[in-house]
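Report on one structure; see the data block that follows.
The values are calculated or read from the model by the stated rules, or taken from the named source; none is laboratory data. Worth saying up front: this structure is predicted, and the values here are computed from it rather than measured. Ligands, DNA and RNA are stripped out before the accessible areas are found, and what is left, the full protein with its side chains, is counted by its heavy atoms. Shrake-Rupley method; radii C 1.70, N 1.55, O 1.52, S 1.80 Å.
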Amino acid sequence: MATNSMAISSGAEVRRITQGAVVVLGRFFFALIFLMAGANHFSKQSIGYAVSAGVPLASIAVPFSGVLAIAGGLSILLGYRAKLGGWLIVLFLVPVTLMMHKFWLVQDPMMAQIQMILFMKNVSMLGAALLISQFGAGPFSLDARHSR
């Protein structure tokens, strides 16, 4: 009898570890784009592109958005205050998506299609960030370790 309960608990432990590893991998893949792109928000090219897109105060707004992206991405990646990190990514994505990917204003059909794809990519990431803002980082995170 003890052998069966040992096998059941061992199976549950393996499942917990596997699920935790998948969540960590998901956090890594999600955060990666914000960490990589956020660093580019301090370049003259990114600021210039934002100016050409009509972003007001681009010399301040673009680096600030880079700070939001990096802070939110690191928070989610490490699972440290990940709910706050999710909100930082939401705060980053909403204006960036609306200001930089106005596919409805683009005349060239190919460029309009590209901008629509980028817009929808951001919308999907917005959905993930909202989920993180509500459910947190999951297992194998600094938040989970702190709550024990």
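Applying 0.36 nm per residue to the separation of PHE119 and ILE60 and subtracting their alpha-carbon distance, the gain on full extension is 19.0 nm.
Bridging of LYS83 to aspartates and glutamates at a Cα separation below 20 Å is possible for ASP143, once same-chain residues fewer than 8 apart are set aside.
The value obtained for the stretch 27-148, namely the Cα convex hull volume divided by the number of residues, is 93 Å³ per residue.
For the stretch 84-148 and the stretch 36-59, what is the separation of their Cα centres, given in Å? Here the two parts' Cα centres lie 18 Å apart.
At the listed q of 0.15 Å⁻¹, the Debye profile of the stretch 35-75, built from one uniform point per Cα, gives log10 I(q)/I(0) equal to -0.30.
Ordering PHE30, PHE103, PHE64, PHE135 by accessible surface, largest first, gives PHE135, PHE64, PHE103, PHE30; the 1.4 Å probe counts only protein heavy atoms, with every chain in place. Angle check, please: helix 2-40 long axis (alpha carbons) against the longest principal axis of the chain (alpha carbons), in degrees 0 to 90, nearest 10. Once rounded, one gets 10 degrees.
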